[in-house]
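Worksheet: the structure to be examined is printed underneath.
The values are calculated or read from the model by the stated rules, or taken from the named source; none is laboratory data. As the structure is a prediction and not an experimental result, all values here were calculated from the model. All Cβ positions, glycine included, derive from the backbone under ideal geometry; neighbour counts span all protein chains shown. For the accessible areas, the whole protein counts, side chains as well, though only heavy atoms, and no ligand, DNA or RNA atoms are used. Shrake-Rupley method; radii C 1.70, N 1.55, O 1.52, S 1.80 Å.
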Amino acid sequence: MDDTLQSILTLAEKGNIEQRCAALLLLGALKINNAATSKVVGGILDNPNPVLKDYALRYFEEVQPKNNISQLLKMLDDGDREMQERAVKSLTAVGQAAVAPLLQGAKDASRTWQLNGARVLAAVRGKAAMKGLLQLLVAGTDETNKTLCDLMTPALREMDAKELDSLYGEVEGFAAKLDAKTQRPATVSSMRLLGQLGRPQARRWLFKFIGADNHPALRAHALVALLRCLREQELRKDEYGKLFPLLEEAEFSEVTRLTLDLLDAHELPEDSRGLLAKLMQSPHSDVQKFALRKMGDVATPATIRTLVEELGDADYRKRDVAASSLRKIPEARNTLIKELTACADPSKAWSIAELLPSFEGKWRQDVLEALWKRLQEAIGAEERIQSAFLHVLKKADEEFAYDKLAEQGAKLVKGKKYKEALGFLTPLKDFPLFKPENKFQLALAQLKLHAHTVATNRQHPAVELFIDLYRSSAFPVFETLRKEKSLAPEEFFALGFSLAERSGQERGLGIDLLELVAEKFPRSKIGKSAKNKLKLVAR
């Protein structure tokens with residue numbers, strides 16, 4: 001066998017291309033694993049011929065001898081990307097035995113070699129491999145170190161609790177020895193790893209880098225890591241003292257945004273009310289919105305007043321944040337009601353109107369009366385704010401609101417103030433129960449205002465209301481119309497004419513009205529017109 005093996009090795013080393021490839025295939029198939037074979041095949045890996053290199057690498061993939069590491073290391077920065085990948089795979093299969101040679105060769109290697117070596121170390125894991133990866137970060141650039149950290153992420157997910165504890169200790173010790181000013185990329189990488197590990201013990205070291213005297217990259221990465229490390233932790237008083245000044249910086253930066261995220265995830269101490277009031281003066285809208293959000297957690301009469309005032313802000317986002325905070329404060333209800341009864345801004349009134357139903361509590365009669373008075377005034381002046389008052393009254397006491405509107409509308413109809421009556425009667429259409437008598441009053445007011453258009457406009461609102469009333473209730477429409485002293489012959493005729501044009505049961509109502517006009521005013525022009533129309537229509 002020794003002579004045969006020697007012959008095969010000789011062919012692999014000195015034969016023509018076909019012979020050498022065949023010899024390499026045979027060595028792999030026989031799984032010949034000794035130092036002499038590894039040396040010969042390893043030498044072929046240095047051959048520029050890609051075919052020979054391919055067959056030589058196949059041997060190592062098949063046999064995986066323990067002494068082939070040095071040959072595989074050479075392939076980590078091979079010009080052929082596929083060769084690199086195969087070398088990485090083979091070295092990973094070697095396991096822990098590959099760690100020391102990789103770390104030894106990484107110092108003076110090319111960037112490609114180092115990154116491929118890091119892939120192997122991350123896949124192999126173990127204390128030595130992880131420690132070696134940390135050492136690679138020391139001299140790395142921002143880009144290289146980011147890649148190295150990304151390579152370590154999958155490894156972290158696969159580690160058990162013991163491995164993670166060990167790695168945290170290594171990263172913590174590594175970070176403590178770094179000079180952030182001269183080794184910023186490595187410091188940033190430490191922050192990234194600490195953030196991924198998510199241990200609250202890292203807070204003390206991370207808080208050192210959030211101040212304005214540090215590089216923006218260090219500040220931002222420290223805050224990102226703190227967001228992860230303190231996810232389920234309470235912030236300490238001294239930590240609040242370090243975070244709040246970041247919100248007062250002149251420029252709104254990534255640091256500001258991350259600080260807001262961190263503080264948003266934690267409840268503020270009760271003594272932060274004064275600071276929140278100060279932050280409301282910030283030139284940055286996001287800081288103002290943060291202050292509004294947090295005011296809901298530290299409610300006082302002063303903060304409630306501030307939040308209520310913000311409901312009138314021109315920025316709808318600030319209004320929404322203020323409303324969200326007020327919903328957390330049951331005590332805000334009375335202040336909101338008081339503000340609404342005195343409010344003149346339609347936008348602010350609507351913000352309050354939409355907010356009040358979320359509070360529990362009884363409505364005092366004097367408050368309902370005050371709101372009704374404001375609604376009455378707003379309808380009379382045709383102000384947009386009326387819809388806000390109506391919304392609140394309907395939510396507070398629907399029956400009260402309906403009765404007040406119906407009573408005032410009927411009063412105005414009786415006083416022949418039809419235009420004013422419409423403002424009170426029209427909203428009744430949106431109540432669950434629109435009483436027939438009120439529907440008649442609304443239709444009458446519309447008829448009196450626009451009788452001259454009824455005969456020519458088949459979709460006139462008055463006509464539609466009379467039809468609906470005639471069809472859907474037992475309300476005596478014709479008898480009530482006949483008794484209505486405010487209607488002129490022309491108005492009876494216009495309504496009757498329009499209804500007689502219809503094909504439904506309301507046609508009969510139209511004919512009745514035309515007959516009434518013809519009977520009561522037989523010799524007048526309008527009476528004769530009614531008779532002529534009756535000749536053209538049939539029951």
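Below 12 angstrom from the Cβ of H221, what's the summed charge of the other residues (Lys, Arg +1; Asp, Glu -1)?
On the way: positive: K146, R184, R192, R219, R228; negative: D142, E254.
Around H221, the charge tally is +3.
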Could you tell me how many cubic angstrom of Cα convex hull volume the range 399-449 has per residue? 58 Å³
Portion, in percent, of the accessible area of the chain that falls on carbon or sulfur, probe 1.4 Å: 50 percent
For a quick check of understanding: with a 1.4 angstrom probe and all protein chains in place, what accessible area in square angstrom does I526 have, to the nearest ten? 30 Å²
For E310 the rounded accessible area (nearest 10 Å², probe 1.4 Å, non-protein molecules ignored) is 30 Å²
Rounded Å value of the spacing that divides the Cα centres of the range 35-113 and the range 385-457: 90 Å
On average over all directions, what projected area in square nanometres does the chain have, based on the convex hull of its Cα atoms? 44.4 nm²
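Keeping all protein chains in place, calculate the accessible area per residue for the range 111-242 (probe 1.4 angstrom), answer in Å². Before the final figure, lay out each step's value.
Numbers: 6500 Å² over 132 residues.
Averaged over the residues of the range 111-242, the accessible area is 49 Å².
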Figure the gain on full extension for R384 and W363 (residue separation times 0.36 nm, minus the Cα-Cα span) and round it to one decimal in nm. 5.2 nm
Dipole magnitude of the range 303-440 about its Cα centre, charges +1 at Lys/Arg Cβ and -1 at Asp/Glu Cβ only, in debye to the nearest 20? 280 debye
Run the dipole for the chain about the Cα centre, Lys and Arg Cβ at +1, Asp and Glu Cβ at -1, nothing else charged, and hand back the magnitude in debye, nearest 20. 2000 debye
Taking the range 139-216 as the region of interest, what is the percent of Cα-Cα pairs per 5 angstrom bin, listed from the shortest bin to the one with the maximum distance? 3, 14, 27, 25, 20, 8, 3, 0
Once you compute Rg and the Kirkwood Rh from C-alpha atoms, what is the Rg to Rh ratio for the range 308-429? 1.01
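Taking 0.36 nm per residue of sequence separation and subtracting the Cα-Cα distance, how much length would be gained by fully extending the chain between Q505 and E234, in nm to one decimal? Write out the running numbers ahead of the final one.
Working: separation 271, 0.36 × 271 = 97.56 nm, distance 7.37 nm.
Taking Q505 through E234 to full extension adds about 90.2 nm, to one decimal.
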Along the three principal axes, how long is the range 112-270 when you take its alpha carbons, biggest first, rounded to the nearest angstrom? 51, 31, 23
Toward the positive end of the charge dipole of the chain, about the Cα centre and with charges on Cβ (Lys, Arg +1; Asp, Glu -1), which of P489, V224, H450 goes farthest? P489
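Can you give the FRET efficiency to the nearest 0.05 for V138 and A342, using r as the Cβ-Cβ distance and R₀ = 41 Å?
FRET efficiency, V138 to A342: 0.05.
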The lysines whose Cα lies under 19 Å from the Cα of K528, excluding any fewer than 8 residues away in the same chain, are K520
HN-Hα J couplings of the range 495-503 from phi, Karplus 6.51/-1.76/1.60, θ = phi - 60°, integer Hz, Gly and Pro as x? 5, x, 4, 5, 6, 5, 6, 7, 9
In nm, the gap between the two label points placed 7 Å beyond Cα toward Cβ at S486 and L26 is 11.8 nm
Add +1 for every Lys or Arg and -1 for every Asp or Glu among the other residues with Cβ under 13 Å from the Cβ of Y470, and state the total. -1
If one takes the longest principal axis of the Cα atoms in the chain, at what angle in degrees, from 0 to 90 and to the nearest 10, does the Cα axis of helix 398-414 lie? 40 degrees
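What is the sum of charges around E13, taking Lys and Arg as +1, Asp and Glu as -1, for the other residues whose C-beta is under 11 Å from the C-beta of E13?
Numbers: positive: K14, R20, K39; negative: none.
Residues near E13 contribute +3 overall.
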Distribution output for the range 1-125: share of Cα-Cα pairs per 10 Å bin in percent, first bin at 0, values 14, 46, 30, 10, 1
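May I ask you to list the trypsin sites (Lys or Arg not before Pro) in the range 73-161 that are in a DSSP loop and have at most 16 other Cβ atoms within 10 Å of their Cβ? Could the numbers behind the result be given before it?
Numbers: sites: K74, R81, R86, K89, K107, R111, R119, R125, K127, K131, K146, R157; in loops: K107, R125.
Sparse-neighbourhood loop trypsin sites (Lys or Arg not before Pro): K107.
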Residue among V477, Y316, L194 farthest towards the positive dipole end of the chain, charges placed on Cβ: V477
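Please report, largest first and rounded to whole Å, the three semi-axes of the ellipsoid equivalent to the range 345-401, where each semi-axis is the square root of five times an eigenvalue of the C-alpha gyration tensor. Intermediate results must be reported in sequence, preceding the final value.
Details: eigenvalues 63, 40, 14 Å².
Whole-Å semi-axes of the equivalent ellipsoid: 18, 14, 8.
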Rule-of-thumb Rg ratio for the range 281-342 [Cα; 2.2 N^0.38 Å; N residues]: 1.03
Between the Cα axis of helix 316-326 and the main Cα principal axis of the chain, the angle (0 to 90°, nearest 10) is 90 degrees
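Translational diffusion coefficient of the range 433-524 at 4 °C, 1.567 mPa s, Stokes-Einstein with Kirkwood Rh over Cα pairs, in µm²/s as a whole number. Show your work: numbers first, answer last.
Details: Rh = 13.0 Å.
After rounding, the answer is 100 µm²/s.
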Could you let me know the centre-to-centre spacing of the range 494-539 and the range 180-198, using Cα atoms, in angstrom? 92 Å
Can you tell me the orientation of helix 111-124 relative to the chain, as the angle in degrees between its alpha-carbon axis and the longest Cα principal axis, to the nearest 10? 80 degrees
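Where a ≥ b ≥ c are the square roots of the eigenvalues of the C-alpha gyration tensor, would you call the range 463-512 rounded, which needs a/c under 1.5, or, failing that, prolate if a/b is larger than b/c, or oblate? Display every interim value, and only then the final one.
Working: a/c = 2.03, a/b = 1.19, b/c = 1.71.
Oblate is the answer for the range 463-512, as a/c is 1.5 or above yet b/c matches or exceeds a/b.
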Enumerate by residue number the GluC sites (Glu not before Pro) in the range 201-239 meeting two conditions: DSSP loop (anything except H, G, I, E, B), and at most 15 other Cβ atoms within 10 Å of the site's Cβ. E232, E234
Have a look at the range 226-369 and give its Rg and Dmax from the Cα atoms, expressed in angstrom. 16.6, 55
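Need the full-extension length gain, D320 to A97, defined as separation in residues times 0.36 nm minus the C-alpha distance. One decimal, nm. Let's see the in-between values first.
Details: separation 223, 0.36 × 223 = 80.28 nm, distance 6.11 nm.
Stretched out fully, the D320 to A97 stretch lengthens by 74.2 nm.
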